[in-house]
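Trainee: First the structure, then my questions, so here it is.
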Amino acid sequence: MQLTRVMTSVAALATTAFLGSAALAQEFTLRLQSHYAPETTSGKLAQQFIDDVQVMSQDRVKIEMFWSSSVVKSVEGFDAAASGILDGEMHGGAYQTGKNPAFQFVGDIMGGYDTPWQQYAWLYNGGKEVANELYNQYGMELIGWWIYGQESLASTKPLAGPEDLKDWKFRSPPGLETEIFANLGAKPIVMDFTEIFTALETGIIDGADASGLANNVGLGLYDIATAATYPGFHSMPSDHLTINKNVWDGLPEDIQRIIDVAMQKLAFQTALTFEVANNEAAAMLREQGVTLYEWSAEDRAIFRKAAQDSWQVWADKTPEARALVDSHVAFLNKLGLISN
């Protein structure tokens with residue numbers, strides 16, 4: 001009788017172990033899309049993220065990445081993931097401002113934080129929960145950001161401070177940025193990214209908001225432009241990883257933790273990589289005679305105040321926008337970057 005009980009217990013333990021092993025061996029495939037090409041710096045960093053997830057999960061998670069927005073347009077990636085065409089996407093929240101103006105404040109906060117580390121600090125000190133109140137309404141979960149740093153303005157005229165923005169004609173993306181710069185006396189002209197070089201060359205514009213300093217060098221902007229703002233101060237867009245909420249909620253907790261940790265590593269490596277690349281570009285441009293203007297804390301505060309005024313206008317558009325703006329303002333006050 002005692003032997004029977006022992007054999008029964010052993011069988012039960014073996015069954016439990018088998019079921020546990022089967023659960024552990026379960027595989028998950030995530031279909032993601034990115035607007036980056038795999039050979040770009042950001043693309044290579046994303047490939048490391050994919051490898052980290054696969055190694056840490058012992059190949060239980062397979063990530064199938066569709067590069068260069070090869071499934072749908074970048075602006076459509078969010079909806080494609082929400083509807084199940086994809087499982088997730090690595091674009092940016094600013095693409096979704098037409099859906100809800102609140103996405104501006106998870107995509108490009110404009111004049112908010114000075115460094116990626118400050119912006120990450122908001123995300124991991126309560127901001128992510130506020131942001132996911134927005135994302136979850138659209139069937140998506142925000143996993144994290146990867147931020148390449150402040151963008152730099154390129155100019156054929158001096159840009160030593162806010163006074164030089166008066167009547168300065170420059171290429172601007174649409175939306176909040178045009179409002180902020182117009183309020184400071186500039187003349188933003190919305191045009192496609194691909195038109196910047198020709199517009200600078202022909203004098204249609206005096207400068208451009210394109211990308212970070214190293215990327216602007218790659219675009220050839222400083223073959224024409226003789227000045228730049230560096231470090232930048234006006235725009236620090238955040239690329240995000242979002243996953244369909246049902247898909248995310250269906251993943252085991254350990255897999256969720258692995259993806260979250262790999263995403264935080266990607267965030268760290270992205271900021272670190274571009275910090276080096278931008279400083280190398282700055283040294284090269286100085287040698288070539290390009291003037292790099294570092295705005296004072298007082299001048300950056302003038303821009304931040306103009307941006308903050310525009311935030312409040314946008315915040316009144318939806319309750320979600322108001323919640324995010326209030327969260328950012330409270331955190332920026334905590335950091336001493338603005339004061340009421």
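Trainee: Just give me the residues in the range 153-192 being among the β-branched types (Val, Ile, Thr) and not in a strand (DSSP E or B), in sequence order.
Mentor: Selection gives Thr156, Thr178, Ile180.
Trainee: Let me ask something additional. Quick one: is Gly139 within 24 Å of Ser296 (Cα to Cα) and either surrounded by fewer than 21 Cβ atoms within 10 Å (Cβ to Cβ) or not acidic (Asp, Glu) (or both)?
Mentor: No, not satisfied.
Trainee: Identify the single condition in (1) farther than 27 Å from Gln269 by Cα; (2) aliphatic (A, V, I, L, M); (3) modelled with pLDDT of 95 or more that Met191 does not satisfy, given that it satisfies every other one.
Mentor: (3)
Trainee: Which pairs do you get when a residue that is without any contact (Cβ under 8 Å) to a residue 60 or more places away in the chain, found in the range 270-297, comes within reach of a residue that is surrounded by 13 or more Cβ atoms within 10 Å (Cβ to Cβ), reach meaning Cβ atoms under 7 angstrom, with the pair 6+ apart or on two chains?
Mentor: Arg286/Leu292
Trainee: Checking the conditions here, which among Gln119, Gln150 is buried (at least 17 other Cβ atoms within 10 Å of the Cβ) and assigned to a loop (DSSP other than H, G, I, E, B)?
Mentor: Gln150
Trainee: Checking the condition closer than 30 Å to Lys128 by Cα, of a type outside the set (A, V, I, L, M, F, W, C), touching a strand residue (DSSP E or B) at 6+ places or on another chain (Cβ under 7 Å) and not assigned by TED's automatic domain parsing to the domain that holds Glu141, which residue from Tyr222, Tyr230 passes?
Mentor: Exactly one residue qualifies, and that residue is Tyr230.
Trainee: Continuing with this model, one more query. Suppose we filter the range 101-116 for residues that are among the small types (Gly, Ala, Ser), outside any helix (DSSP H, G or I) and within 14 Å of Ile147 (Cα to Cα); how many remain?
Mentor: 1
The rows are residues; the columns are (1) crowded, with 19+ Cβ neighbours inside 10 Å; (2) among the small types (Gly, Ala, Ser); (3) in contact with a Lys or Arg (Cβ under 9 Å, 6 or more places away or on another chain).
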residue	(1), (2), (3)
Gln256	no, no, no
Ile259	yes, no, no
Lys265	no, no, no
Phe268	no, no, no
Val276	no, no, no
Ala283	no, yes, no
Thr291	no, no, no
Arg304	yes, no, no
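Trainee: Would you check if there is a residue in the range 190-202 being surrounded by 15 or more Cβ atoms within 10 Å (Cβ to Cβ), closer than 26 Å to Ile147 by Cα and free of Cβ contacts under 8 Å to residues at least 24 places away in the same chain?
Mentor: Within the range 190-202, one or more residues are surrounded by 15 or more Cβ atoms within 10 Å (Cβ to Cβ), closer than 26 Å to Ile147 by Cα and free of Cβ contacts under 8 Å to residues at least 24 places away in the same chain.
Trainee: Does His91 count as within 21 Å of Thr273 (Cα to Cα), surrounded by fewer than 23 Cβ atoms within 10 Å (Cβ to Cβ) and either in the same structural domain as Asn215 (by TED's automatic domain parsing) or in contact with a Ser or Thr (Cβ under 8 Å, 6 or more places away or on another chain) (or both)?
Mentor: no
Trainee: Now a separate question. So, Ser68, is that one at positive phi and of a type in the set (S, T, N, Q) or not?
Mentor: When the stated conditions are applied, Ser68 passes them.
Trainee: Continuing with the same structure: Test Val130 against the stated conditions and say whether it is under 26 Å from Ile243 (Cα atoms), surrounded by 17 or more Cβ atoms within 10 Å (Cβ to Cβ) and either touching a residue at least 60 places away in the same chain (Cβ under 8 Å) or hydrophobic (A, V, I, L, M, F, W, C) (or both).
Mentor: Yes.
Trainee: While we're looking at this one, here's another question. Go through (1) assigned by TED's automatic domain parsing to the domain that holds Phe268; (2) under 21 Å from Thr194 (Cα atoms); (3) among the charged types (D, E, K, R) for Glu177 and report which single condition fails.
Mentor: (1)
Matching residues to (1) outside the structural domain of Tyr222 (by TED's automatic domain parsing); (2) under 30 Å from Arg60 (Cα atoms); (3) under 18 Å from the mean Cα position of the chain (by Cα):
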residue: Ala262; (1), (2), (3): yes, yes, yes
residue: Leu266; (1), (2), (3): yes, yes, yes
residue: Asp309; (1), (2), (3): yes, no, no
residue: Gln312; (1), (2), (3): yes, no, no
residue: Thr318; (1), (2), (3): yes, no, no
residue: Arg322; (1), (2), (3): yes, no, no
residue: Val325; (1), (2), (3): yes, no, yes
residue: His328; (1), (2), (3): yes, no, yes
residue: Gly336; (1), (2), (3): yes, no, no
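The values are calculated or read from the model by the stated rules, or taken from the named source; none is laboratory data. Keep in mind that this is a model prediction, so the values were computed, not measured. Because the Cβ atoms are built from the backbone with ideal geometry, glycine has one as well, and the counts that use them run over all protein chains shown.
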